[in-house]
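Reading through the structure tokens given below for one structure.
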Amino acid sequence: MLPRLTIAGAFAASLLVNPASAEEEQQTWRLFIADHTAPMARAFDAKTGEQIGEFGLKGYAALAASHSGQTVFAVQSEANAVQVIKTGLTISDHGEHRDLETSAPLLLQTALDGKRPVHAVMHGDDVVLFYDREGKAKLVSEEDLLEGAASETLIDATAPHHGVAVPMGRNMLVSVPDTDAQTKPDELPPRLGLRVLGANGRQVGGITPCTALHGEAFSAKLVAFGCEEGVLIARPGKDETVQLEMLEYGDKLPKGKVTALLGGKAMQFFLGNYGEDKIALIDPDNTEPYRLVDLPTRRIDFALDPARVKNAYVLTEDGHLHLVDVLSGQITMSTRVTEPYSKDGHWRDPRPRLAVAGDQIAITDPRHSVVRVIDIETMKEIRTIPVEGLPFSIVAVGGSGAVH
């Protein structure tokens, strides 16, 4: 949740009308939800539950919100397409206060097509889309997309693979496939490491080992990647270079690895999975960088709270939502929010997903075609939002500011 607005005294005094009538502080959150099977995404007002948009897509989608919250990217791997939804929310910073502008959400005409897009990495105004079956990534500007000029910068990833490309300053961090590995005709090669591309697109230095690289996140100026050996940390170095350091799991941790990562916003740390029934709190600057938290059952989804910086939320297959204090590494509260959803079966079976929307957590419940809204303070359900079909992937965008 963004900071509350403080109206500058001098500005307020200069108004000839009542300041409260001229500027009203408002908090608005919108939920964007993709169907598990149907080529459809929908937008809802998080407070009222009213559906405010419906968008026909080319295929079923995973959703990713930009840093600004002005766009949501619908990544459709099977349809070989990425479509962009304008959220209708703009929050602009004016120093001592923020302004909030709202409009109807809409599906932009620009489609960023390519063979099997999977990852959408957000970094400031830039978005990097990785296309597994092409061995290439595309760097696009959110500002350009909103203005209808979708210029693309191609990033060479050497060969098709399930990879990722992440900006760091003027450099690009790109996964490297093992092209010597024996694979079946319809299989992609495994990842063996990471390389750094400079501003001119040329590789800088050698390949840093990171076996089976999967999962990435930003926290402050650091980027983390999950590997078989540990978590690889990228730091900005001198003269716009990149320093890479492997945080090895070592002998003290049980067998497992990190394959999904989230990055802290106000504090520099990372939250990752560790196997299926643990999560890892990762402090890159600590001599003991890993703290594991045991979960009662296997993890379904997890999220960090951008406003309550100590809070992490973990949804497990027994239908419980857990509040984790990232400072103490302890589960401090647990509550039942859905029926059990087993992780046995296909990895893409419809299971709940969660998103933090201000003072609430929104959880899709595809079995009952609803979104369950949980109050963060009490961890209790306060209402449900009916959603047609099988609500699955979900993102929340919003904040507060002055509405003129």
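Only the coordinates and a few stated rules stand behind these numbers; no lab work does. This is a predicted model, so every value here is computed, not measured. Heads up, the Cβs are rebuilt from the backbone with ideal geometry, glycines too, and the neighbour counts pull from every protein chain shown.
What to note about this one:
- Violating pairs (Cα-Cα greater than 19 angstrom) within the set Lys257/Lys278; Lys265/Lys380; Lys47/Lys343; Lys221/Lys265: Lys265/Lys380; Lys47/Lys343
- Its Cα centre serving as origin, the stretch 341-404 has a Cβ charge dipole (Lys and Arg +1, Asp and Glu -1) of approximately 180 debye.
- Net dipole in debye of the chain [+1 Lys, Arg Cβ; -1 Asp, Glu Cβ; about Cα centre; nearest 20]: 480 debye
- Our compactness index for the stretch 124-270, the C-alpha radius of gyration over the empirical 2.2 N^0.38 Å, is 1.07.
- Dimensionless Rg ratio for the stretch 289-333, taking C-alpha atoms and the 2.2 N^0.38 Å reference: 1.09
- Across every pair of non-identical alpha carbons in the stretch 217-266, the mean reciprocal distance, once inverted, gives a Kirkwood radius of 11.9 Å.
- When the stretch 358-404 is reduced to its Cα atoms, the Kirkwood hydrodynamic radius in Å: 11.9 Å
- About its Cα centre, the stretch 243-347 has a charge dipole of approximately 160 debye under the convention of +1 per Lys or Arg Cβ and -1 per Asp or Glu Cβ, with nothing else charged.
- Whole-angstrom Cα spans of the stretch 148-201 along principal axes, big to small: 39, 26, 14
- Using θ = phi - 60° and Karplus 6.51 cos²θ - 1.76 cosθ + 1.60, couplings along the stretch 120-130 (whole Hz; Gly, Pro as x): 10, 9, 9, 8, x, 7, 8, 10, 10, 10, 9
- Proportion of all alpha-carbon pairs of the stretch 212-341 beyond 17 Å (%): 56 percent
- Among 343-349, 211-217, the order from most to least packed when residues are scored by Cβ within 10 Å on average: 211-217, 343-349
- Listed values for the stretch 311-317 are Karplus-derived 3J(HN,Hα) couplings in whole Hz (6.51 cos²θ - 1.76 cosθ + 1.60, θ = phi - 60°), namely 9, 10, 10, 10, 9, 10, 5, and x replaces Gly and Pro.
- Kirkwood Rh in Å, taken over all unlike Cα pairs in the chain: 22.2 Å
- Considering only Leu188, Ala266, Gln76, the residue lying farthest towards the positive end of the dipole of the chain is Leu188, judged by Cα position with unit charges set on Cβ.
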